[in-house]
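Enquirer: What follows is a single structure, and I will ask about it in a moment.
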Amino acid sequence: MLILRADEMGMCFGVRDALAALDAIEVPADVTIHGELVHNPDVLRDLDRRGFRRSPEQARTVPATPSVLITAHGVSDRERQRLHAAGKRVIDTTCPLVHKAHAAARALAAAGCRVVVIGRRDHVEVRGLTEDLERPIVVSDVDDVASWPDRRLGVVCQTTTQVAFAERIVAAIRAANPAAEVHVADTICSPTKARIAAIDALLPRIDALVVVGGRDSNNTRQLVERARRGGVPTLHATGPDDVAAGWFAGCRVVGLTAGTSTPDGVIAAVYARLEAIGAGAG
Ligand code: SF4
């Protein structure tokens, strides 16, 4: 069984930088991670083991520790000010590409647009994007698109949105609001685009695909959905234990990719498991 790795996969620079910031912290017990740093259970377990505190994404209580770390997903200015006002030392690891999405939303609002955010309503990044805006609209699916009374609409995306999905939503918004000016800012991040392009290049060459990543990881799930829509049997594995030999019966070429929050070690372990299955298959 041949294993083909996607050209681009795994942790993006935003998550790597956030983890590097954590590594530089001398007293983890003094720091609360505000929300989920990455949607990956292995990474979260490791942070707990090292003594970091974590507050749930929905929490609006002020953490007890003297320092609070804002994750790569970012928060609203309102939330950042709330933490400063409570006297917390804020360690900000917001990804620069999330900052860029915030700036795009602010610019559209300043230009008189009602801002429409394409993304998961319950996701911490979307909450950060919308909390500073007046009457924002969140569209998670095409069914959320409606005819709105606004003359100017400004569309931004959660950074991990698939381009094709965003295009479908924007087309639906234009169709439902023919009299409105619809302005679109491209806020989908480059690592997300690169991983999708890599999977598209892989799909015609493989019999099956393994996508490694946490069950709650937005971009991991999108990779799985994309491959399945492309007609390729796809296994979503959180680690090597999810990879069973029987699933690959009859497969000659298997592709491997991973979401942006998946640690290198987990990808390597899944790769090793696939190699063992391949060797067993002779
Ligand atoms: S997925 Fe994109 S926006 Fe999010 S942390 Fe990674 S690079 Fe930044």
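The values are calculated or read from the model by the stated rules, or taken from the named source; none is laboratory data. Fair warning: this is a prediction, and the values are worked out from it, not measured in the lab. Neighbour counts run over all protein chains shown; Cβ positions are idealised from the backbone, glycine included. SASA here: full protein model, heavy atoms, side chains in, ligands and nucleic acids out. Shrake-Rupley method; radii C 1.70, N 1.55, O 1.52, S 1.80 Å.
Enquirer: Per residue, what volume in Å³ does the Cα convex hull of the chain take up? Numbers along the way, then the final one.
Expert: Details: hull volume 35.0 nm³, N = 282.
So the per-residue hull volume is 124 Å³.
Enquirer: Could you calculate, for the stretch 3-131, the ratio of the Cα radius of gyration to the Kirkwood radius, expressed as Rg to Rh? Before the final figure, lay out each step's value.
Expert: Numbers: Rg = 15.7 Å, Rh = 15.8 Å.
Answer for the stretch 3-131: 1.00.
Enquirer: May I ask you to derive the relative contact order of the chain, considering only C-alpha pairs under 8 Å and at least 6 residues apart, and to give it as an integer percent? It would help to have the intermediate numbers written out before the result.
Expert: Numbers: 524 pairs, mean separation 64.1, N = 282.
Once normalised by length, the contact order is 23 percent.
Enquirer: Sticking with this structure for a sec: How big is the gap, in Å, between the Cα center of the stretch 39-54 and the Cα center of the stretch 128-146?
Expert: The stretch 39-54 and the stretch 128-146 have Cα centres separated by 31 Å.
Enquirer: Separate question: Using alpha carbons only, what's the Rg to Rh ratio of the stretch 129-282 with Rh from Kirkwood? Don't jump to the answer; show the numbers that get you there.
Expert: Numbers: Rg = 19.1 Å, Rh = 17.5 Å.
When Rh is taken as the Kirkwood radius, the ratio is 1.09.
Enquirer: Arranged from highest to lowest average of other beta-carbon atoms within 10 Å per residue, in what order do the peptides 170-176, 143-149 appear? Walk me through the numbers before you get to the answer.
Expert: On the way: 170-176: 15.9, 143-149: 13.0.
The densest-packed peptide leads the list: 170-176, 143-149.
Enquirer: Same structure again: Suppose a student asked you for the relative contact order of the stretch 126-282, using Cα pairs under 8 Å spaced at least 6 residues apart; what percent would you report? Could the numbers behind the result be given before it?
Expert: Working: 196 pairs, mean separation 31.3, N = 157.
Over the stretch 126-282, the number comes to 20 percent.
Enquirer: Using packing as a proxy for protection, rank 102-112, 260-270 so that the peptide with the highest average count of other Cβ atoms within 10 Å comes first. Mind dumping the intermediate values first?
Expert: Details: 102-112: 16.6, 260-270: 21.4.
Ranking the peptides 102-112, 260-270 by packing returns 260-270, 102-112.
Enquirer: Using the C-alpha gyration tensor of the stretch 97-184, what are the square roots of 5 times its eigenvalues, in whole angstrom, with the largest one first? If you can, show how the numbers build up before the last one.
Expert: Numbers: eigenvalues 65, 47, 24 Å².
Listed largest to smallest, the semi-axes of the stretch 97-184 are 18, 15, 11 Å.
Enquirer: Shifting gears a bit: Please grab the % of Cα pairs in the stretch 241-282 that end up more than 14 Å from each other. Write down the numbers at each step before the final one.
Expert: Values: 408 of 861 pairs.
In whole percent, the share of Cα-Cα pairs in the stretch 241-282 beyond 14 Å is 47.
Enquirer: In whole Hz and in residue order, list the ³J(HN,Hα) couplings for the stretch 188-194 that follow from phi through the Karplus curve 6.51 cos²θ - 1.76 cosθ + 1.60, θ = phi - 60°; x for Gly and Pro.
Expert: Per-residue couplings from phi come out as 6, 7, 5, x, 4, 5, 5 Hz.
Enquirer: Follow-up. Using a 1.4 angstrom probe, figure out how much accessible area the chain has per residue, in square angstrom, rounded to the nearest whole. Each step should come with its number before you reach the end.
Expert: Numbers: 12610 Å² over 282 residues.
Value returned for the chain: 45 Å² of accessible area per residue.
Enquirer: The stretch 118-170: which trypsin sites (Lys or Arg not before Pro) are DSSP loop and have at most 14 other beta-carbon atoms within 10 angstrom? Walk me through the intermediate numbers first.
Expert: Values: sites: Arg120, Arg121, Arg127, Arg151, Arg152, Arg168; in loops: Arg120, Arg121, Arg151.
In loop regions of the stretch 118-170 (DSSP not H, G, I, E or B), the sparsely surrounded trypsin sites (Lys or Arg not before Pro) are Arg121, Arg151.
Enquirer: Here's something else I'd like to know. Residue by residue through the stretch 4-14, which ³J(HN,Hα) values in whole Hz follow from phi under the Karplus form 6.51 cos²θ - 1.76 cosθ + 1.60 (θ = phi - 60°), with glycine and proline marked x?
Expert: Calculated HN-Hα couplings, in order: 10, 8, 5, 4, 10, 7, x, 4, 8, 5, x Hz.
Enquirer: Right, next: Per the Kirkwood definition applied to all pairs of different Cα atoms, how many angstroms is the hydrodynamic radius of the stretch 183-240?
Expert: Working: mean 1/r = 0.0821 Å⁻¹.
Mean inverse Cα-Cα distance, inverted, gives 12.2 Å.
Enquirer: Please state, as a whole number in µm²/s, the translational diffusion coefficient that the Stokes-Einstein equation yields for the stretch 48-194 at 20 °C and 1.002 mPa s, with Rh defined as the Kirkwood radius across alpha carbon pairs.
Expert: Values: Rh = 16.2 Å.
Reported coefficient: 132 µm²/s.
Enquirer: Carbon and sulfur together cover what percent of the accessible area of the chain at a 1.4 Å probe radius? The partial results should precede the final answer.
Expert: Details: 6560 of 12610 Å².
Accessible surface attributable to carbon and sulfur in the chain totals 52 percent.
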